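Notes follow once the structure below has been shown.
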Amino acid sequence: MPSNNTEYLKQALKLISNNSLREAISLVRQYAFEQRLSTTLDTLQQIEQSYSFMLRYLAEGVPDPDREKLFCDLSQRLYAVAANLLDDCNLADDSSLYASTRRCVRFSNLNFADALGRYISADASLQLAGIYGSDGQPTEAARQLLNEKDRALKDIFSYLWTLPVATDSRKLDPVVNVAVDSDIAYGLRTVIVSALIMGLFQKYDPVKLSALLDIEERSSDQRIRAHVLTGVVLALEIHQTNSGHDPLLQRRFAKWLPDPSNYLRLREVIYAIIKTQGSLQLANKIQHEIIPRLNNLGKDFLKNINIDSDRPISIEELQANPEWERLMRESGIEKKLRRLHSMQEKGADMMLPMYGQLSSHFFFKDIDTWFRAFEPWEAARIGLHENLIDILAKMPNTSMMCDTDKYALVLNLSRLPQAARDMMTKAFDAGADEIKVDFEDLSLHSSEPDFDLEVINYARVLFRFFNYFRLHREFQNPFDIHMVITNLPFIGSMMSEDEILHTIGETYFYQGYYEEAAGIYQLLIEREDSPSSLLLQKLGYCYEKDDSKHDALECYIKADSLTDDTDVWLLRRIRAMAEQCYEFDTEIDALDRLIDAGIDLEENIPLWLDRMLRFNVDDHETMEKRLSRLKYIAPVANSTLSLSARFAFACKDYRKTIEILSPRRADIEMMLAASSLGSDTSSDDNDSDFEEQSSMSDDLLLLACAHAAEEEYAEAVQLLRRVVMLDPERYNNSVLSKSINDFWQNSPRLESHRIMIPLLVEAALI
């Protein structure tokens with residue numbers, strides 16, 4: 001079969017999504033005819049006939065209250081035919097887990113009713129016979145039943161996950177009935193829901209989507225509803241193109257959303273998904289930054305407090321010695337830990353790093369086990385003792401420990417010796433009350449604590465699977481798509497209130513997803529008659545981080561125009577962006593205002609003068625006024641002297657330059673004389689000494705250039721030799737030449753004497 005034959009089906013699916021059924025039928029028929037699929041051709045004939053009758057009645061003006069429903073049914077049937085044909089074609093030579101599982105389900109004639117019956121039978125037998133023997137471990141008979149129950153659950157998941165797109169909207173009614181039955185074990189119901197969700201992720205299926213919505217509406221279990229809504233939102237994000245053209249689904253969402261409780265639940269789902277996206281960033285920080293630094297910090301700590309690392313350290317020693325706190329502060333680890341804590345408070349998954357190691361464990365090798373609720377029979381099958389299982393089962397799920405975390409704990413504990421297990425059992429028994437307090441605290445702040453907590457935890461389960469499952473690269477990761485809520489089919493327009501958008505924007509911003517945050521901030525600004533300065537600042541920062549410097553500068557300037565007070569951070573950003581955008585008038589203005597505010601004078605004053613000399617050299621009056629003011633700023637006395645000399649030099653007043661710098665030269669000569677007598681005038685470890693030395697070098701260079709401009713070459717050479725003496729490692733021939741040239745580049749009088757530069761340098765270095 002030529003590979004391009006599948007293009008008929010791909011094009012047909014696009015046409016169906018645009019509600020163009022006639023052409024879609026023609027394309028699918030062409031494919032079926034070429035492949036000699038007689039059954040498919042019969043189905044297409046029935047669809048086409050019904051569609052033709054509907055169009056004829058419409059043209060004749062015949063009233064039909066069920067016309068829209070009939071159209072949706074025909075569209076669904078045609079979509080199912082085309083999607084399944086394309087799926088069969090693509091899966092023929094596909095070795096992925098999904099393809100192999102689907103082939104296995106088909107060849108084994110697996111069905112939902114049979115697998116469900118085996119699960120219920122095994123569960124009933126376990127209830128009668130019990131699981132544990134006198135030693136606290138499962139009996140041999142129990143192990144067989146446990147394994148049978150496990151296999152049945154795997155079969156249920158495999159069947160529903162790989163279920164082809166249904167032509168009949170009622171096909172999943174039996175599955176829905178089981179999922180909403182509160183008498184059925186929660187562990188079975190959540191696996192059913194997760195299988196439908198994973199199947200919907202795999203390919204768009206209106207029947208699966210409708211079935212999930214049925215479960216959400218009919219279930220009395222808030223945990224199940226949380227799973228459904230989380231999966232539905234992510235599925236809509238994945239299938240934006242295919243899912244937005246079903247009028248029945250559109251009408252269903254439009255009727256469902258206005259209910260305040262539904263609206264609030266959906267909002268919590270969206271928040272949880274977006275917050276969870278920052279978990280991988282958190283995990284990387286923990287693994288690559290925090291843990292290595294803590295390891296090194298421990299060594300430094302022991303070294304500094306003179307404690308032998310081979311002996312245990314008492315709590316008293318740690319409490320009595322302040323060195324730990326100092327090392328934490330100086331290492332920067334304290335700041336990073338605060339940042340991690342902030343990320344955790346915003347919803348990031350602190351337990352995520354553990355799954356990079358556990359993903360290779362036999363329990364997590366199968367896809368279905370990632371979505372199982374923590375149940376005693378599962379933990380018993382793994383091999384954990386009855387006492388600890390009982391404690392873990394009684395613990396409520398919290399924001400710090402969900403079902404998958406309990407399984408991870410079970411897997412780790414199962415490897416420990418019995419004595420260690422007993423000790424851990426006592427520890428967990430003692431800490432159970434604290435976990436309950438955590439859950440009770442959530443209950444005080446939420447009208448639906450079970451739902452809100454389960455949304456967070458299920459989002460984490462999905463995130464962990466798509467990042468750490470052994471074959472996760474075979475799946476499209478919905479968390480790789482940073483949600484643009486306004487683009488979501490059915491719910492986007494209804495969930496785009498400013499409050500929600502602002503929260504989403506802030507979450508993206510603090511997680512470092514600046515492009516996504518910028519999109520949200522842009523939308524909010526467009527909606528405001530008068531956008532806030534703060535919002536413009538954040539948008540500007542997003543642009544800056546995405547290397548859109550000109551856009552960032554524009555936002556910062558607009559934000560500044562809306563601010564009455566001097567915003568130092570904003571002025572600093574304007575200055576930095578203006579420099580990078582070569583907007584030097586803007587940079588000079590920002591520097592001028594920073595200097596007026598007394599901010600970073602040692603850095604900003606030289607920058608201001610440099611920019612004035614380079615780009616505004618004719619505005620001598622402004623520079624004169626500024627320099628006159630700077631003379632009264634004590635902390636920058638030397639800088640002011642140097643700046644005045646540079647200004648005089650730029651004005652071609654070389655004699656005044658010499659006059660200004662003569663006292664400075666005398667100080668330098670005294671320092672050099674003291675140095676020759678053996679006095680320690682500098683220190684490699686002292687930054688201020690280095691900066692002073694560099695300032696001296698610059699002043700001597702400028703003085704040498706002034707003497708050269710007055711054709712006092714001997715004096716210039718002597719001064720250049722002093723520069724080399726101050727820093728012989730820095731000033732070689734090329735560096736010295738460049739430094740002189742930097743001073744001369746803005747002086748037309750000296751341009752004609754440019755040949756003197758190499759001569760002066762050569763003479764100075766003899």
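Read-outs throughout are calculated quantities, based only on the coordinates presented, and are distinct from any laboratory measurement. Source: prediction; values computed, not measured. A quick note on method: Cβ atoms are made from the backbone with ideal geometry, for glycine too, and the neighbour counts reach across all protein chains shown.
Test of the criteria: in the range 503-611, which trypsin sites (Lys or Arg not before Pro) are in a DSSP loop and have at most 10 other Cβ atoms within 10 angstrom of their Cβ? If you can, show how the numbers build up before the last one.
On the way: sites: Arg527, Lys538, Lys545, Lys549, Lys558, Arg572, Arg573, Arg575, Arg593, Arg611; in loops: none.
Those that pass, being in a loop and sparsely packed, number zero.
Once each part is reduced to its C-alpha centroid, what is the distance from the range 1-55 to the range 78-136 in angstrom? Cα centres, the range 1-55 to the range 78-136: 30 Å.
Among the chymotrypsin sites (Phe, Trp or Tyr not before Pro) within the range 113-178, which fall in a DSSP loop and have no more than 12 other Cβ atoms within 10 Å of their own Cβ? Before the final figure, lay out each step's value.
Details: sites: Tyr119, Tyr132, Phe157, Tyr159, Trp161; in loops: none.
Counting only loop positions with at most 12 other Cβ atoms within 10 Å, none of the chymotrypsin sites (Phe, Trp or Tyr not before Pro) in the range 113-178 qualifies.
Loop only per DSSP, at most 11 neighbouring Cβ atoms within 10 Å: give me the trypsin sites (Lys or Arg not before Pro) in the range 158-261, ordered by residue number. Hits after loop and neighbour filter: Arg170. The Cα center of the range 176-253 and the Cα center of the range 479-520 differ in position by 22 Å.
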